[in-house]
Amino acid sequence: MRLKARTLEGLYALFLLFPLLFTLGVFFLYAFVRAVYFSFTDYDLFSPPRFVGLANYLRLFQDPLFLKALWHTLTYSLVVTSLQTFFALLLALALNQPLRGITAFRTAYYLPSVISTAAASLLLLWLFQRTGLVNQTLSLLLAYLPHLLVLALLFAILQGAQVLWERRRGIPTSFLDPALALLSLPLALLGTYALGALGLVQAREVRVEIPWLPTTATFLGIPYPLWAIILMNTYTTIPTFMVLFLAGLKGIPKTLYEAAALDGASSWVMFSRITVPLLRPVLFLVITLGLIGTLQLFDQVLFVGGSGGAPLEATVTLAYYVYGNVFPSGATPRVGLASAAALFLAGLTLLVVLLQRRFGVGERGWT
């Protein structure tokens, strides 16, 4: 009876796991085996596959578009992973403070992560048009740059004068004291307005029309359209990693900070000696997920390259290179070449993650 009960439990478990096992077997294992097979063949979806050995892999590194896709993928992954990790940690530290209404701020900052890829891509197209919000904002900033410089100068003078006055009274005061800034900033704004009204500071005629999308121009070796995708993806992925960092920060005992404060440790010392070491497992997870996700960039390239009119050479990534060879526009599919590129991308992702774990942030720290 006991053996029969165990057999029934095993059958029930297999029955519950069957949908997952079926999905893994058909859409992952079977697809992977077929991709490996096709990577050694010349196959166009219509004729029988013809074995060509390693010709597809050698052909990849002779294709300038593949080399450009490889460069775009690696640079995009490095830049986005660095930016989203840094700003997610910074935002988590800010939202981990015991302030009134902090839950509302956490919700507001998390909202960008629930935007779908299609919606985010359409928003990107609207923001980075030649007359879009990004260029209009840059135009306003450059037009009123004299006002901003005068405002910063007046604020520095007023703030510095207050700090000197307080220190002469024997009160140790920092230049960034928020209480003093509450007086310096309004006075600086009033002074800037007065100088503008008198005509001593005037706005300039500036019209920025940077072609962010339909161009192959580069900045720091990265095309403008890819920069647009970098900015949008960084903005939409920061909230997800912020939640992971918040969970890690909540797990750090407050008694450690209290003991460090009693010993006279500064905020930077507590951050570098307590927060960062105890967040290393979370850092490893965030960086690993970031690398895997960025190396597989596809959706935004499809939207920006299609609807946005961005040149293929400016946005192509390895994932899009695979798609473009299987579903070319008005050409014969090159399934064998696409399969080889897909396997190369899988191997590259595994290699990058292993290198990050070996030489970067490991699960238990920097190794």
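The values are calculated or read from the model by the stated rules, or taken from the named source; none is laboratory data. From a predicted model like this one, the values you see are computed outputs, not experimental measurements. Cβ atoms come from the backbone with ideal geometry, glycine included; neighbour counts cover every protein chain shown.
Values as computed for the structure displayed
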item: Identity of the residue in segment 221-235, modelled with pLDDT of 85 or more and of a type in the set (Val, Ile, Thr), that ends up surrounded by the most Cβ atoms within 10 Å (Cβ to Cβ); result: 229
item: Residue match in segment 87-97 (condition: in contact with a strand residue (DSSP E or B) (Cβ under 9 Å, 6 or more places away or on another chain) and either aromatic (Phe, Trp, Tyr) or crowded, with 16+ Cβ neighbours inside 10 Å (or both)); result: no
item: Verdict on residue 265 being without any contact (Cβ under 8 Å) to a residue 60 or more places away in the chain and part of a helix (DSSP H, G or I); result: no
item: Matching entry among 103, 131 (being at negative phi and not in a helix (DSSP H, G or I)); result: 131
item: Residue 288, sole failed condition from (1) closer than 26 Å to residue 121 by Cα; (2) surrounded by fewer than 18 Cβ atoms within 10 Å (Cβ to Cβ); result: (2)
item: Near pairs, Cβ below 7 angstrom, 6+ apart or cross-chain, from segment 42-59 (touching a residue at least 12 places away in the same chain (Cβ under 8 Å)) to any residue that is among the basic types (Lys, Arg); result: 42/50; 44/334
item: Some residue of segment 216-226 being under 14 Å from residue 81 (Cα atoms) and of a type in the set (S, T, N, Q); result: no
item: Any chance residue 161 is without any contact (Cβ under 8 Å) to a residue 40 or more places away in the chain, in a helix (DSSP H, G or I) and assigned by TED's automatic domain parsing to the domain that holds residue 96; result: no
item: Residue match in segment 197-204 (condition: surrounded by 14 or more Cβ atoms within 10 Å (Cβ to Cβ) and in a helix (DSSP H, G or I)); result: no
item: Every residue from segment 37-64 that is in a strand (DSSP E or B) and surrounded by 15 or more Cβ atoms within 10 Å (Cβ to Cβ); result: 41, 42
item: Residue selected from segment 121-164 under the condition within 30 Å of the chain's Cα centre (by Cα) and among the polar types (S, T, N, Q), by the criterion surrounded by the most Cβ atoms within 10 Å (Cβ to Cβ); result: 121
item: Those residues of segment 45-64 which are among the hydrophobic types (A, V, I, L, M, F, W, C) and out of contact with any strand residue (DSSP E or B) (no Cβ under 6 Å at 6 or more places or on another chain), in sequence order; result: 45, 46, 54, 55, 58, 60, 61
